[in-house]
Amino acid sequence: MRVYLGGLPADAVPALVPATTGRDIDAGTARTIHQRSGGNPFSVRELARVLDTGGALSAVPPGVRDVVRYRVTQLPDAVQAVLRQAAVIGTEVDLDLLPGDALDALELAAERGFLVEHGPGRFRFAHALVRDTLYQDLSRSRRARLHARIGEAIERLRPGDVAALAHHFLLAEAPAAVRYARAAAEDAERRFAPHEAARLWQAALDHADRRAPADADGGAAAGVPERLELIMGLVRAPAVAGELDRARNHRAEALTLAEQVSDPALTARVLAAFDVPAIWTAHDDPALAQRIAEVTERTLDALPPGEDAVRARLLATLALELRNTAGDRGPRPAREAEALARRLDDPALLAFALNARFMQSFERAGLAPERARIGQELVELARRDELVAFEVLGHLVLMRAASALADFPAADRHAQAADELGEKHEIALVGVFTQWYRAMRTSAAGQPAAAAYRAAAAPLAGTGMSGVASGILGFALLCDRLQRGADPGQDLDFGAYEPWCRPVVSDDGSEDRAVPARPALRGPHVPARPGRDPPRRPRDDGPPARRTAPRGR
């Protein structure tokens, strides 16, 4: 009699791997090995050897592949065929998706240790390595046919399971793939799974391009409206996921396509589709922002009456693209967008309009209380209507507003809340802003903060946020030096902050501007250095900030 033993428990893997390779592994690697192997000791050792030689744990070790292949050949041909079909379904096997006579084959496969039954009609491969071996041994043509067959079965049985339908029809390269991939991407966006949404939008676009005939110039000839919808999905999802350069490139591509069509309604849909929160007043790509603003203004002029929701989105878009510009060209559309959104009682639209209002609230000093009100409404609105990205934005707005008002306990709470949401939903860029905040907190507490500022600046190089990165380290280090009464020095790059910072450190006769600036940059509680400028209250009767420096960040 042959008895099939269960796998090792998860806590046995961290001991077995070093016994095989002489190297310790971390908890995450141990967990992956256990999941891939099902605790099978032989498979654990083989995966350990793969890892030791620099291979990927996603691969099937040659030794495991050979053993699985041999064991499969000992099964009847009909059972082998059913197992291969089951492998195309995935690690979890639904009997309803297989031919009507598959149950006998699955039961025999379970008796032989290939599968585990975990409910009526529900089977699972004993471990992923068995399933992967069976799947990878199929030719691409056979895989595609089986994926198509399984997709058709899901259409009949579970037509609302768009994620499974997208998975199988994409791998089958079936005509329905784009439709289901788009539906699954939209579903992922509603669940706030931006990385999954980005992957699905990209898969849908790639599939559409492969199936579309080429035009005379060699470009894709897929229908422009459909292609624009797919591209705009690829703008939103990567932007939320933190892939800002990728999002900007796709947005520029979409704008070019829309302008070629000369259809104001289509252009309006393209512009209105981008409703990703923004937090920084400096643009990462000023030329693209100016281009979007100009197209948006033309589209607003061409928009027919009655399109209030679209008009509100376009107005908010215009205000966002015109941030950090003087005059009423930016604040006016932000106010109009907010008023329209409130009248339409559309929470998502109101959140977007409030973002625009926030971005247009830096035209003069003293507006932190207004930004705090905007942030509080954003948090309450987003929490009630499950608008995760705007809830994060609201906490970041409140963090900035509270720190501007020197209410650091409140700012700390909002930084923590933003970090928790960012970690939960894998929004990597949240930590960029909260790390800068905590570096500033170190300086505000009177502690040397240069190291903390440099640590906060290091990740900016890979974020695509050039508008944030330009000069911020030099500006922060200058503030830190003045905070501690140190010499400002002449070694800092101020980038976009040059008009604010240069008078403080220069000896070009601009001392009349430098003297009132130093206390503001240093902070009210730091004593002046002997023989240098005395602390004083910021002047309330000076010229508006926009006349002497860029608008506040």
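We did not get these values from a lab; they are worked out from the coordinates using the rules stated. Quick caveat: nothing in here was measured; it's all calculated off a predicted structure. Backbone-built Cβ (ideal geometry, glycine too); neighbour counts: all protein chains shown.
Annotation for E111 and R145: the two label points, set 7 Å from Cα along the Cα-Cβ direction, are 2.9 nm apart. Over all other residues within a Cβ to Cβ distance under 14 Å of E117, the charged ones net out to -2, with Lys and Arg as +1 and Asp and Glu as -1. Its residue count N sets the reference 2.2 N^0.38 Å, and the alpha-carbon radius of gyration of the stretch 143-262 equals 1.09 times that reference. A protection proxy built from the mean count of other Cβ atoms within 10 Å ranks the segments 192-205, 387-400, 474-487, 62-75, most packed first, as 387-400, 192-205, 474-487, 62-75.
If you take the alpha carbon atoms of the stretch 216-323 and fit the smallest convex hull around them, that volume is 105 Å³ per residue.
The modelled label-to-label distance between E380 and D137, using points 7 Å beyond Cα along the C-beta direction, is 6.3 nm. With the largest listed first and rounded to whole Å, the semi-axes of the equivalent ellipsoid of the stretch 369-499 from the Cα gyration tensor are 28, 16, 13. Dividing the convex hull volume of the alpha carbon atoms of the stretch 294-349 by its residue count gives 74 Å³ per residue.
Of the two radii for the stretch 109-202, the radius of gyration is 1.03 times the Kirkwood radius, both from the alpha carbons; that is the Rg over Rh value. Grab the beta carbon distance between R69 and E423, set R0 = 41 Å, and tell me the FRET efficiency rounded to 0.05. For R0 = 41 Å, the calculated efficiency reads 0.45.
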